[in-house]
1. Please get the size of the charge dipole for segment 85-195, origin at its Cα centre, with Cβ charges of +1 on Lys and Arg and -1 on Asp and Glu, quoted in debye to the nearest 20.
2. Could you sort Arg176, Arg74, Arg161 by their accessible area in this structure, using a 1.4 Å probe and putting the largest first?
3. What are the radius of gyration and Dmax of segment 119-176, computed over its Cα atoms and given in Å?
4. If you find the alpha carbon centre of segment 131-159 and of segment 49-82, how far apart are they in angstrom?
5. Over 23 Å apart: what share of the alpha carbon pairs of segment 56-153 falls there, rounded to a whole percent?
6. What do you reckon, how do Leu101, Leu58 stack up by accessible area (1.4 Å probe), largest on top?
7. Take the residue pairs Lys90/Lys113; Lys90/Lys186; Lys72/Lys96 and return only those whose Cα atoms are more than 26 Å apart.
8. Note down the nm distance, to one decimal, between modelled labels 7 Å out along Cα→Cβ at Asp164 and at Ile27.
Amino acid sequence: MDSEMNEKENKEEYGPLTLHDILEMVIYVACVFLLALLIVTFVGQRTVVSGSSMETTLSDGDNLIIDKLSYKFRAPKRFEIVVFPEPGQKDTYFIKRVIGLPGETIQITQDGKIYINGQVLEENYGREVILDPGNALIPITLADDEYFVLGDNRNNSLDSRYQDVGPLKADRFVGRALCRIYPFNKICGLLPKGE
């Protein structure tokens with residue numbers, strides 16, 4: 001008797017869906033979709049590393065969260081890992097490390113040393129000694145708002161040393177790599193905050 005009464009109360013409480021209920025649900029789903037779209041467009045997104053140009057810092061298949069908001073409020077810093085579109089490609093992106101900042105003069109010598117304004121750059125991100133200095137064999141002075149980027153796998157990276165990429169303006173950066181979310185044993189390790 002009690003169970004029959006409870007079923008009857010439930011049917012009365014949750015009657016057939018009204019137009020108001022359906023409209024409310026559609027508005028809710030649209031708001032969630034819009035919020036997700038705004039976050040992915042302006043705040044952050046997930047990206048997957050493809051290739052070995054950032055080895056050993058980042059590996060092929062690593063999943064990262066890209067912070068797309070920071071550079072709207074501040075300039076990129078040295079040693080941050082940035083994401084930018086591959087020159088001439090629409091949906092392919094490069095991921096590299098900022099080495100040179102606006103106004104600095106960058107040179108890479110035959111022995112693989114990186115010089116910033118005539119001083120050797122003290123860093124340990126490069127996987128190995130640079131064998132090909134590319135265009136940076138001759139000093140490159142960056143213009144205002146230009147950055148010089150390198151892959152950590154220096155001998156297997158298409159980066160600012162070469163004409164195809166060259167120095168980059170900040171407005172080309174999609175954002176900076178914030179943290180790794182996969183593989184799980186390396187989660188959120190690695191990414192420097194920059195100088």
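The values are calculated or read from the model by the stated rules, or taken from the named source; none is laboratory data. No experiment lies behind these values; they were computed from the predicted model shown. Every residue, glycine as well, gets a Cβ built from its backbone with ideal geometry; the counts of neighbours run over all protein chains shown. These area figures cover heavy atoms from the full protein model, side chains too; ligands, DNA and RNA do not enter into them. Shrake-Rupley method; radii C 1.70, N 1.55, O 1.52, S 1.80 Å.
1. Computed charge dipole of segment 85-195: roughly 440 debye.
2. I get Arg74, Arg176, Arg161, largest accessible area first.
3. 11.8, 30
4. A separation of 17 Å, based on Cα centres.
5. Percentage above 23 Å: 28.
6. Result, largest first: Leu101, Leu58.
7. Lys90/Lys113; Lys90/Lys186
8. My value for the distance between the label points is 5.2 nm.
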